[in-house]
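Colleague: Got a structure for you, written out below as structure tokens; questions coming shortly.
The values are calculated or read from the model by the stated rules, or taken from the named source; none is laboratory data. Every value quoted in this text rests on a predicted model; they were computed, and no experiment measured them. Positions of Cβ are generated from backbone atoms using ideal geometry, with glycine treated the same way; all protein chains shown enter the neighbour counts.
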Amino acid sequence: MPEPFRRRSVLAAAVALTLMAGAARAQDQAQDQAPVVAAAADLQFAVEEIAARFSEETGMTVRLSLGSTGNFARQIREGAPFEMFMAADEQFILDLHRDGFTRDEGDLYAVGRIVVKVPEGSSLVADGTFGTLREALEAGRITRFAIANPEHAPYGQRAEEALRHAGLWDAIQPYLVLGENVAQAAQFALSGNAEGGIIAYSLALAPNVAAQGSHDLIPEEWHEPLRQRMVLLNGAGPVAEAFYDYIRSPSAREIMERYGFVLPDDG
């Protein structure tokens, strides 16, 4: 190749690399500036799928922070820079609104359910009425049983209520392994070091979780309903507003329904 053409080729390559690097930096900056949505851990698989589809359809991006509703409520009171909060228990949002942290009382976006989840090889059978769990406790065959921490995780509170309803709370307490949130409780339940646990139905339906053992719904009348509410926090910007509206769109509702959530219009 003649020298002038070689120089032009090298220059063109250098320009292309510079443009690519600039585009990558711009993308990183856009991601860094994207609003942060605090989402309850039971939403892990559903909200990640919704956020990806939101980005595809709108070109806008949100960052997700997944954890326990109670911990998020405390962090918001301490000034955490979230723009939107998707809680697993609406009371936390109503309390935040009462104390002036949110734009309004938000909207109910779903009602959650809890299940008994047991891994392959467990001595338990997935039974939402706790029949085999009761038998295993009486026979001394339980070593560990996982739930989310009832002190700050709504799914842990509902697990406690269901176990109390069945008269098993006192008997099972010595064997409880508490997850920081319901997603961690699911990890504990499937770790091989526990006979099972109580987790969110939405997590049990995720393909990689569903493939590990079996689950059974706990009767909804055995615990208070998991009325899940979302809200925009003070200072939320237009991207957070767009994502909030998107949660109520047919695309997002289809995903939520697929993960076992009862949608507000469905009762």
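Colleague: Can you tell me which of I93, I76, I50 is in contact with an Asp or Glu (Cβ under 8 Å, 6 or more places away or on another chain), in a helix (DSSP H, G or I), β-branched (V, I, T) and modelled with pLDDT of 95 or more? Working first, answer last.
Modeller: Working: I76 fails: in contact with an Asp or Glu (Cβ under 8 Å, 6 or more places away or on another chain); I50 fails: in contact with an Asp or Glu (Cβ under 8 Å, 6 or more places away or on another chain).
From the options I93, I76, I50, the qualifying one is I93.
Colleague: Could you check how many residues of the stretch 194-224 are under 20 Å from P150 (Cβ atoms) and part of a helix (DSSP H, G or I)?
Modeller: 7
Colleague: With respect to R253, determine if the residue is outside any helix (DSSP H, G or I), under 26 Å from D107 (Cβ atoms) and basic (K, R). So that I can check it myself, show each step before the final result.
Modeller: Details: outside any helix (DSSP H, G or I): no; under 26 Å from D107 (Cβ atoms): yes; basic (K, R): yes.
Taking the combined requirement at face value, the residue does not satisfy it.
Colleague: Identify all residues within the stretch 227-249 that are in contact with a helix residue (DSSP H, G or I) (Cβ under 6 Å, 6 or more places away or on another chain) and not in a helix (DSSP H, G or I); write none if there are none.
Modeller: Listed by number, the residues that qualify are R227, R229, V231, L232.
Colleague: Can you name the number of the only condition in (1) touching a Leu at 6+ places or on another chain (Cβ under 6 Å); (2) without any contact (Cβ under 8 Å) to a residue 60 or more places away in the chain; (3) within 27 Å of D89 (Cα to Cα) that V118 fails?
Modeller: (2)
Colleague: Go through R158, R134 for me and flag whichever is touching a His at 6+ places or on another chain (Cβ under 7 Å) and among the basic types (K, R).
Modeller: Numbers: R134 fails: touching a His at 6+ places or on another chain (Cβ under 7 Å).
Going through R158, R134 in turn, just one is touching a His at 6+ places or on another chain (Cβ under 7 Å) and among the basic types (K, R): R158.
Colleague: Can you confirm whether the stretch 54-61 contains a residue that is out of contact with any strand residue (DSSP E or B) (no Cβ under 8 Å at 6 or more places or on another chain), surrounded by fewer than 16 Cβ atoms within 10 Å (Cβ to Cβ), in contact (Cβ under 8 Å) with a residue 24 or more places away in the chain and not acidic (D, E)?
Modeller: Of all residues in the stretch 54-61, those out of contact with any strand residue (DSSP E or B) (no Cβ under 8 Å at 6 or more places or on another chain) come to 54-61.
Right, trim to surrounded by fewer than 16 Cβ atoms within 10 Å (Cβ to Cβ) and you get 55-59.
Filter again for in contact (Cβ under 8 Å) with a residue 24 or more places away in the chain, leaving 57-58.
Now drop any that are not not acidic (D, E), which leaves 58.
The answer is yes; a qualifying residue exists.
Colleague: Residues to consider are A136, A162, A171, A186; find the one that is assigned to a helix (DSSP H, G or I), among the small types (G, A, S) and either in the same structural domain as I255 (by TED's automatic domain parsing) or surrounded by fewer than 19 Cβ atoms within 10 Å (Cβ to Cβ) (or both). Talk me through it step by step, then tell me what you get.
Modeller: Numbers: A136 fails: either in the same structural domain as I255 (by TED's automatic domain parsing) or surrounded by fewer than 19 Cβ atoms within 10 Å (Cβ to Cβ) (or both); A162 fails: either in the same structural domain as I255 (by TED's automatic domain parsing) or surrounded by fewer than 19 Cβ atoms within 10 Å (Cβ to Cβ) (or both); A186 fails: either in the same structural domain as I255 (by TED's automatic domain parsing) or surrounded by fewer than 19 Cβ atoms within 10 Å (Cβ to Cβ) (or both).
Sole residue among the options that is assigned to a helix (DSSP H, G or I), among the small types (G, A, S) and either in the same structural domain as I255 (by TED's automatic domain parsing) or surrounded by fewer than 19 Cβ atoms within 10 Å (Cβ to Cβ) (or both): A171.
Colleague: Take A200 and tell me if it is outside the structural domain of G106 (by TED's automatic domain parsing), under 26 Å from D107 (Cα atoms) and crowded, with 16+ Cβ neighbours inside 10 Å. So that I can check it myself, show each step before the final result.
Modeller: Working: outside the structural domain of G106 (by TED's automatic domain parsing): yes; under 26 Å from D107 (Cα atoms): yes; crowded, with 16+ Cβ neighbours inside 10 Å: yes.
For A200, the condition - outside the structural domain of G106 (by TED's automatic domain parsing), under 26 Å from D107 (Cα atoms) and crowded, with 16+ Cβ neighbours inside 10 Å - is met.
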